[in-house]
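Since every read-out is calculated from the coordinates, none of them should be taken as a lab result. Keep in mind that what you see is a predicted model, and the values were worked out from it rather than measured. Note that each Cβ is placed from the backbone with ideal geometry, even for glycine, and that neighbours are counted across all protein chains shown.
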Amino acid sequence: MPESAVLPLEVVDGQALDKKYRSILRPGELVADADGVTRRLPRFFYEVPSWEAAMDIRLAPHFRLAEFIGVDVREAEPMRIFPRYVPCGVSLLAAQLELFRQNVGTYVHITANGSYRSPAHALGTIISPHNWATAADIYRIGDDFLNKRPTLQRYAKIARELLPTCWIRPIGSEPGEADDHLHIDIGYATLVPREAAGEDEDTELLPSAQQAVTAGAETEEE
């Protein structure tokens, strides 16, 4: 399997994993989110060999991979032991949080179960960007615990102004709101690294894509 050109992690095609992982990750499957909108789950994952590796690898200057995969017993057992698999989109989330971290000028703490959750997670009865590793629930920033409305409002305002492409969960105690953490997500984004495997050979290409493949083959022959 290829190793990421930047991260010291192998990029794997979830559809090529053993059945016990495929049944949990459901790579490439179509699912419905909380609004009934059809989404496609991620297909490509980083393979994380150990907790030590997760602690050593930085997705951004101030964020280690381990911060995005911290879970408890509510996660499916194969996702609590190593190797673990996390959607490649986690690196997109880390880039956004790095901008936020640099702006607030202090540590940003993600809750346990607060970033990547597999579709089999006990909190995953409702499909959400957490299943794409593109969401983070932040419970503390520096010395500030985010369990009081004024504090939450202050940091939510910063996030909205700094990260206009991100969605910030409304503050409150009603369904769809949060009153003890700051939720930031970049939607149902997927990332396919350049070194990832291609689609199946029998996948039908659009005419323009077929022309590009043919042209590339002719160039190689020359």
Seminar exercise, completed: Cα-based Rg and Dmax for region 117-169, in Å, come out at 13.1, 35
For this session: With label points built 7 Å along Cα→Cβ from the Cα atoms of K148 and T106, find their separation and express it in nm.
Result: 1.2 nm
Exercise. What list of ³J(HN,Hα) values in whole Hz, one per residue of region 172-181 in order, does the Karplus curve 6.51 cos²θ - 1.76 cosθ + 1.60 (θ = phi - 60°) give from phi, with Gly and Pro shown as x?
Worked result: x, 10, 7, x, x, 10, 9, 10, 9, 6
For this session: Please give the direction-averaged projected area of the C-alpha convex hull for region 25-119, in square nanometres with one decimal.
Result: 6.7 nm²
Exercise. Using unit Cβ charges (K, R positive; D, E negative) and no other charged atoms, how large, in debye to the nearest 20, is the dipole of region 10-197 about its Cα centre?
Worked result: 180 debye
Exercise. Which whole-Hz couplings ³J(HN,Hα) result when phi for each residue of region 122-127 is put into the Karplus expression 6.51 cos²θ - 1.76 cosθ + 1.60, θ = phi - 60°, listed in order with x for Gly and Pro?
Worked result: 4, 8, x, 5, 10, 5
Exercise. Across region 141-148, in residue order, what do the Karplus-derived ³J(HN,Hα) couplings come to in whole Hz, using 6.51 cos²θ - 1.76 cosθ + 1.60 with θ = phi - 60° and x for Gly and Pro?
Worked result: 10, x, 8, 8, 7, 8, 10, 10
Problem set entry | Cβ-based net charge around H62, under 15 Å, with every Lys or Arg adding one and every Asp or Glu removing one | +1
Seminar exercise, completed: When V31, V11 are arranged by how many other beta-carbons sit within 10 Å of their Cβ, fewest first, they go V31, V11
For this session: Could you give me the radius of gyration and the Dmax of region 92-207, taking only the C-alpha atoms into account and expressing both in angstrom?
Result: 16.7, 56
Exercise. Sequence-distant or interchain residues sharing an amide H contact under 5 Å with H183, placed H: which?
Worked result: I138, R169
Exercise. Among E75, E195, E47, E52, what is the fewest-to-most ranking by other Cβ atoms within 10 Å?
Worked result: E52, E195, E47, E75
Problem set entry | Cross-link partners of K148 among lysines (Cα-Cα below 28 Å; sequence separation of 8 or more within a chain) | K157
Exercise. Can you give the Kirkwood hydrodynamic radius for the chain, in Å, rounded to one decimal and based on Cα pairs?
Worked result: 18.7 Å
